[in-house]
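A short worksheet on the structure shown next.
The values are calculated or read from the model by the stated rules, or taken from the named source; none is laboratory data. Bear in mind the structure is a predicted one, so any value in this text is a computation, not a measurement. Don't worry about glycine lacking a Cβ; one is built from the backbone with ideal geometry, like all the others, and counts go over all protein chains shown. Just the protein is used for accessible areas: all its heavy atoms, side chains included, with ligands, DNA and RNA removed. Shrake-Rupley method; radii C 1.70, N 1.55, O 1.52, S 1.80 Å.
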Number of protein chains: 4
Amino acid sequence: MPTNATGRLAYLAGEREVEIREYPVPDPEPGALVTEVVRANVCGSELHIWNGTHPLLDRMVLGHEALCRVSDLGEGVTTDYDGEPIAEGDLVAPTYFVACGKCAACGRGEFRSCENALSHWVKHPDEFPHFHGTFGTHYYVHPEQYFYKVPENIPEGVAAAANCALTQVLFGLEEVDLSYGETVVIQGGGGLGQNAIAVANEFGAETILVEGVEERIERARDFGVDHVVDFREYDTVEARADRVAELTDGRGADIGVEVAGVPEAFAEGPHLLRNGARYLEIGNITPGHTTEFDPALLTRKNIQVTPTMHYDPWYLGKGLDFLSRTVERYPYAELIDAGFDLVDVSTALQKADDREMTRPSLVPGHEH
Amino acid sequence: MPTNATGRLAYLAGEREVEIREYPVPDPEPGALVTEVVRANVCGSELHIWNGTHPLLDRMVLGHEALCRVSDLGEGVTTDYDGEPIAEGDLVAPTYFVACGKCAACGRGEFRSCENALSHWVKHPDEFPHFHGTFGTHYYVHPEQYFYKVPENIPEGVAAAANCALTQVLFGLEEVDLSYGETVVIQGGGGLGQNAIAVANEFGAETILVEGVEERIERARDFGVDHVVDFREYDTVEARADRVAELTDGRGADIGVEVAGVPEAFAEGPHLLRNGARYLEIGNITPGHTTEFDPALLTRKNIQVTPTMHYDPWYLGKGLDFLSRTVERYPYAELIDAGFDLVDVSTALQKADDREMTRPSLVPGHEH
Amino acid sequence: MPTNATGRLAYLAGEREVEIREYPVPDPEPGALVTEVVRANVCGSELHIWNGTHPLLDRMVLGHEALCRVSDLGEGVTTDYDGEPIAEGDLVAPTYFVACGKCAACGRGEFRSCENALSHWVKHPDEFPHFHGTFGTHYYVHPEQYFYKVPENIPEGVAAAANCALTQVLFGLEEVDLSYGETVVIQGGGGLGQNAIAVANEFGAETILVEGVEERIERARDFGVDHVVDFREYDTVEARADRVAELTDGRGADIGVEVAGVPEAFAEGPHLLRNGARYLEIGNITPGHTTEFDPALLTRKNIQVTPTMHYDPWYLGKGLDFLSRTVERYPYAELIDAGFDLVDVSTALQKADDREMTRPSLVPGHEH
Amino acid sequence: MPTNATGRLAYLAGEREVEIREYPVPDPEPGALVTEVVRANVCGSELHIWNGTHPLLDRMVLGHEALCRVSDLGEGVTTDYDGEPIAEGDLVAPTYFVACGKCAACGRGEFRSCENALSHWVKHPDEFPHFHGTFGTHYYVHPEQYFYKVPENIPEGVAAAANCALTQVLFGLEEVDLSYGETVVIQGGGGLGQNAIAVANEFGAETILVEGVEERIERARDFGVDHVVDFREYDTVEARADRVAELTDGRGADIGVEVAGVPEAFAEGPHLLRNGARYLEIGNITPGHTTEFDPALLTRKNIQVTPTMHYDPWYLGKGLDFLSRTVERYPYAELIDAGFDLVDVSTALQKADDREMTRPSLVPGHEH
Ligand SMILES: [Zn+2]
Ligand SMILES: [Zn+2]
Ligand SMILES: [Zn+2]
Ligand SMILES: [Zn+2]
Ligand SMILES: [Zn+2]
Ligand SMILES: [Zn+2]
Ligand SMILES: [Zn+2]
Ligand SMILES: [Zn+2]
């Protein structure tokens, strides 16, 4: 049963214009969940959307990362998506997208590529069930939306981030079949990059980070990166390629991971890799940004490129397991900044945009 | 035993400057073969090399496609690489590259990516065993170089081409796991593209060719292509993308094959494909040619790119089997033009360069 | 809206004791379908259940194969599982099992292994929604149960069988990656075996059937089998193994398919296969039947065994596509016998049990 | 250059009848190596052969595991199979089998299944190059036989064993795609089992050993096994299955590894595994030993069986890398017993047969 009759949410009314609005807390449909948001993180996507540079989304409820507490179970919901019993009061992490099960992609079993993945997210709050994003006191989990009970040993902010960076790189690195004993070069030391270091390390791989920001390099060292190629020292593609070669018996890395999010990183990738390498492309997700690219660099080296936009939704369960096993070994909590009240969401967005903070988080419950 | 004491070969002395030279026919080392060239085709690579635009190769014996007759068996050679007994007089097709077995790539079992693949090809004829290329009366097959007996029902020129276009696309389409019932869009109707139509058709796939040259389109129809998107009618990327969408339930093709050999085709690829498609890159092999490319087009559609430069050498055996099974069903012989004497190799190259002919061939035995 | 207030169904009250019972036609839940059964086939499983030899099932509504006409769409149902618009009156084929999405198997994305696959089937008709099996005037399709519109060119009985034999072998042969040019030996020429011949043939494989019943051998020839190893002629394991070797260059087949359904076939399998072969096990599904087995036969030949009980549910869509493409080329309809009224279900079962008929079918609409 | 004109080897003249014979040390053919044996281990296979229970081998030079010192390089040998420079005096580990490259299996790229894998091993010493087995002062490495330089930090006996148990289970566990976070149940705590614990642990998997011999259980604990199911306590299949279920959330393990080497273990396997599990069969390699087996146990659980007899030869390089990385973390040396002179080979075999020792080793150099 819902604990309060109405809830509040952060609505993007226009470019960099957020309003807090109030809506009735809905009753869950059969198979759905109504939850209270315990913690929600501000991620790069919110900045893009807030700044109006995300081409596909506007006029919507903000927020996609969250740790939630179940407040109302729809008819028929007795377990999470791993078969674990679920009850009111349980802490859960939902995927931020869905696999509809009925589009052409889902119809091939390629749930990661569901054509309707974001159909519930990009909605105006006047539409039922109102709480489409995680920047609010409540969040509605749809019948086909995967969610998992959160292991107790995962800190709040880390659990809230599980459905994004960690699970994305875990999925991606399994897609390119990163194996024990291989070397992976990671382009970019933001949240995705740091999580990639943790995953690669657990898989028994050697890690090389290409990055130029001191703070990110230091954090990567806390995450146990094996080598850093510092942009400030190696300031050309050639210099970085030579340095990576030097670290890999003259050959280049087995795996590349693009999480810098700029097209130039994609163009640089092949130079850092060995013949027959695999390249995971995650960072470049906003169309319209091009670079000069030489496809023969891929062909002559037989480099396979695997881009991943989302993940098969059951990977969130694997992501939470991963965090639970390794939470003592990696400083995941350092990736999350202190929390703001929901009413201060614009401040939080501004601080992230100014790069004063990496990943501010919201704690809607503060305001109760 | 060699049938004559000396042989002749086509040596590239400088840009567009070919000399016919004479060398002693070598004795084969243990594991090697000496062969007489029955037929050798002029392929696009030879034109690049002849014109001096191939960055990696010069001053060498020309030619990489050939049908050969075994004239001298090295010690220990009793079978081809499929275990079939081999004897003097047998017709064989060799791979044009080797898998050395001892480089880092071979050491991972990735024979397709051997770092020494072309080590025997790019050699001056003064060096033993002289007959490094197929444009000559003889051709030397090294101990680690795969070769296969040629089924009797394959015409000479077609057999000579087996180690190049057909086997390359057969390998590539298996690498991207082209499956029964899928739709493949092929960019470019040259030799690779026509062979891709045959392979895709045999695998039970539907084929769409993107091409603008009338003669190639007609040939594709002879090869049984299902649909043609004619550049002359659909003259923008958008128009071609719309047309492919129209042919594929509005979604784009399952598989793309780039055999046009220009960077712009690579940049166009993602527009022709569905969410979650696979893209086979074969045509762009000469580094130094760039295009404006937007990597987010790959990411947002989860399009996996698989480039292939060579193939695992045992695929030549599969390629010959494929030709033997299907030689009645596809006009492979149309892809090969009439033969020239070895002394006329420059004429043959000129005619190919002028596009008067597609794939002239040499018949060194004419001159006996 | 339901066209009649009540419907009838075949209830297994005890061993070989079927009663026709009447129940109210239910209203569909959100996401569900109510359908009228156009045609339902009697399959081997029904005989096992009827005879009481199926260990897991009893006291239930019979029937799992069907062609259905949509009579009532649950809230929110607008398309089938391939995104095709769906309306009352459409002909659909449903899977006979579900993937619950929430068990441990589904939670790994292994929908084919759902632990609750048969949860809706094995139910007493007193329980809502009553019409749990396809032997009735109506059939209820649950919200998580895949269903597909049936292409118009597929005959009724063939469409009714699509969710069983054809889709099962299509899935299985893709699981063992049957490829163009390979040879497959099929143990058993019942419905599964005949469908396996069609699929293997379409994939470009060569087929060998091991069978001893004249009628089945003749049917296999109609299905275009390449070779038959007749049990009556080759009456020992060794003789059959020798014959298969003879047909495969002395090596054994690349792929084996066990659809005989007896443990002895499983024990014979390795003898028919080459080193490094793959073996698809489908037929042995009833536990408690053992055979003397030598596991070293698998090890010494590196034979991989892939058993499949069900299939990923989206394969039913692929199965219907397959039938639609190939319906002119294979005599699928021969596999289905003439139809009975629902009241004559015991007669139909008896005739199948007596092997007077292969696959009798029910046409519940006859009785209207 | 050979350091002595003749060498000695252990020849199996008859059942349990070993003679030390003397032969000239051969000159290496092009591509071959002559080596001095530094250390050779007595493995289970030698006991089988010695006792006459190995059906395929007799009258031969004994021994397949060895650490060797290069004494004579054949023409053209400049590197090992990983491209590392090689010189006289280097310590190397060779595979004990070959991939001929020319049989039907090699012709499909399935080097693990080479039909001529043991062609050099099972030979009478009168035949050139005499030193066909590792129980001798010298060992001949053929041109197509993979060998790798041995990292310095690997102890002698461990290096000698690298080409057998460790590399076999490393290959096998990659074949069944053992992944981070999975649970593997290992049947049998001999050398293969202990090595499997190490590999599984490094891959981030949880390990369960099923074993009943105290000493093996203790060793497994030294190797860091997570759980032991003790045959003495759980003395029925059902009890062991229940215990494994209890350790795995009631479901059974993700992966099973059969290294007990008895058919009963194979029959027990499915009971220990979850729905959709993978089963690696390594131990049962001697044909002629059967068990009562119920194939429906595989089918109903969709359990895939992957048997491996040998490995792709480049895995030996990966195996040596693995040992070098992990030699400080696992007590590999405990698996190898103290060394014997070559003349005492019968004593060593007897002690292994009497189970007084696990893996005695020979140190042929002692006798110089
Ligand atoms: Zn979807
Ligand atoms: Zn995020
Ligand atoms: Zn190589
Ligand atoms: Zn060519
Ligand atoms: Zn399930
Ligand atoms: Zn059926
Ligand atoms: Zn071989
Ligand atoms: Zn051994």
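Counting, for every residue in C:97-104, the Cβ atoms of other protein chains within 10 Å of its Cβ and taking the mean gives 5. Apply the a/c threshold of 1.5 to the C-alpha gyration tensor of the range D:296-368 and tell me whether it is rounded, prolate or oblate. Here the range D:296-368 falls in the prolate category. Report, in listed order, any pair from A:Lys102/A:Lys149; C:Lys102/C:Lys123; A:Lys149/B:Lys301; B:Lys123/D:Lys149 with a Cα-Cα distance greater than 28 Å. Flagged as over cut-off: A:Lys149/B:Lys301; B:Lys123/D:Lys149.
For chain B, the longest principal axis of the alpha carbon atoms and the long axis of helix B:191-202 meet at an angle near 70°. Among the protein heavy atoms, those of A:Arg216 account for about 80 Å² of accessible surface (1.4 Å probe, every chain in place). Taking every C-alpha pair closer than 8 Å and separated by at least 6 residues, the mean separation divided by the residue count of chain C gives a relative contact order of 18 percent.
The alpha-carbon atoms of the range D:76-217, seen along their principal axes, cover 46, 36, 32 angstrom, with the largest extent given first. Largest GNM mean-square fluctuation among C:His120, C:His64, C:His54, using chain C with Cα springs under 10 Å: C:His54. For chain C, the longest principal axis of the Cα atoms and the long axis of helix C:237-246 meet at an angle of about 80 degrees.
Considering only B:Phe131, B:Phe203, B:Phe293, the mean-square fluctuation computed in a Gaussian network model of chain B, springs between alpha carbons under 10 angstrom, is largest for B:Phe293.
Accessible area per residue was computed with a 1.4 Å probe on protein heavy atoms; C:Ser179 scores about 30 Å².
Calculated mean residue ellipticity, 222 nm, the protein assembly as shown: -6500 deg cm²/dmol, from DSSP H runs (n ≥ 4) at -39500 (n - 2.57) each, averaged per residue and rounded to 500. Backbone phi angles across the range A:339-344, fed through the Karplus curve with coefficients 6.51, -1.76 and 1.60 (θ = phi - 60°), yield HN-Hα couplings of x, 10, 6, 4, 5, 9 Hz in residue order; Gly and Pro are listed as x. Each peptide in A:196-202, B:298-304 receives the mean, over its residues, of other Cβ atoms within 10 Å, and ordering these scores from highest gives A:196-202, B:298-304. Peptides B:30-39, D:349-358 ranked from most to least packed by the mean count of surrounding Cβ atoms within 10 Å: B:30-39, D:349-358. Averaged over the residues of peptide C:72-82, the number of Cβ atoms from other protein chains lying within 10 Å of each residue's Cβ is 2. The range B:1-92 has equivalent-ellipsoid semi-axes of 28, 15, 11 Å, by the square roots of 5 times the alpha carbon gyration tensor eigenvalues, sorted largest first. With a cut-off of 12 Å between beta carbons, the residues surrounding A:Leu335 carry a summed charge of -2, where Lys and Arg count +1 and Asp and Glu -1. Convex hull volume per residue, computed on the Cα atoms of the range B:166-307, equals 98 Å³. Under a model in which nothing but the beta-carbon of Lys, Arg (+1) and Asp, Glu (-1) is charged, the range B:166-307 shows a dipole of about 260 debye around its Cα centre. Label-to-label distance, C:Ser324 versus C:Arg221, with points set 7 angstrom from Cα along the beta-carbon direction: 3.4 nm. The residues packed around A:Cys106, meaning those with a beta-carbon under 11 Å from its beta-carbon, carry a net charge of -2 if Lys and Arg are +1 and Asp and Glu are -1. Mean separation of Cα pairs under 8 Å and 6 or more residues apart, divided by the residue count, gives the range D:1-144 a relative contact order of 31 percent.
To the nearest 0.05, what FRET efficiency results for A:Ala13 and B:Val237 with a Förster distance of 35 Å applied to their C-beta separation? With R0 = 35 Å, the Cβ-Cβ based efficiency is 0.45. In plain terms, the C-alpha convex hull of the protein assembly as shown casts an average shadow of 53.1 nm² when viewed from every direction. The charge dipole of chain C, taken about the Cα centre with unit charges on the Cβ atoms of Lys, Arg (+1) and Asp, Glu (-1), comes to about 500 debye, rounded to the nearest 20.
With θ taken as phi - 60° and the Karplus curve 6.51 cos²θ - 1.76 cosθ + 1.60 applied, the whole-hertz 3J(HN,Hα) list for the range A:313-321 is x, 5, 5, 4, x, 5, x, 5, 4 Hz, x standing for glycine and proline.
Per-residue shielding of A:301-312, expressed as the average number of other chain Cβ atoms within 10 Å of the residue Cβ, stands at 6.
The charge dipole of the protein assembly as shown, taken about its Cα centre with unit charges on the Cβ of Lys, Arg, Asp and Glu (plus for the first two, minus for the last two), comes to roughly 0 debye. Around C:Phe97, under 14 Å between beta carbons, what's the net of Lys plus Arg minus Asp minus Glu among the other residues? Summing Lys and Arg as +1 and Asp and Glu as -1 gives -2. With contacts defined as alpha carbon pairs under 8 Å and 6 or more residues apart, what's the relative contact order of the range D:166-307 in percent? Rounded, it is 22 percent for the range D:166-307. Taking only protein heavy atoms and a 1.4 Å probe, the accessible area of the range A:166-307 is 43% carbon and sulfur. Compactness check for chain A: Cα Rg over 2.2 N^0.38 Å is 0.99.
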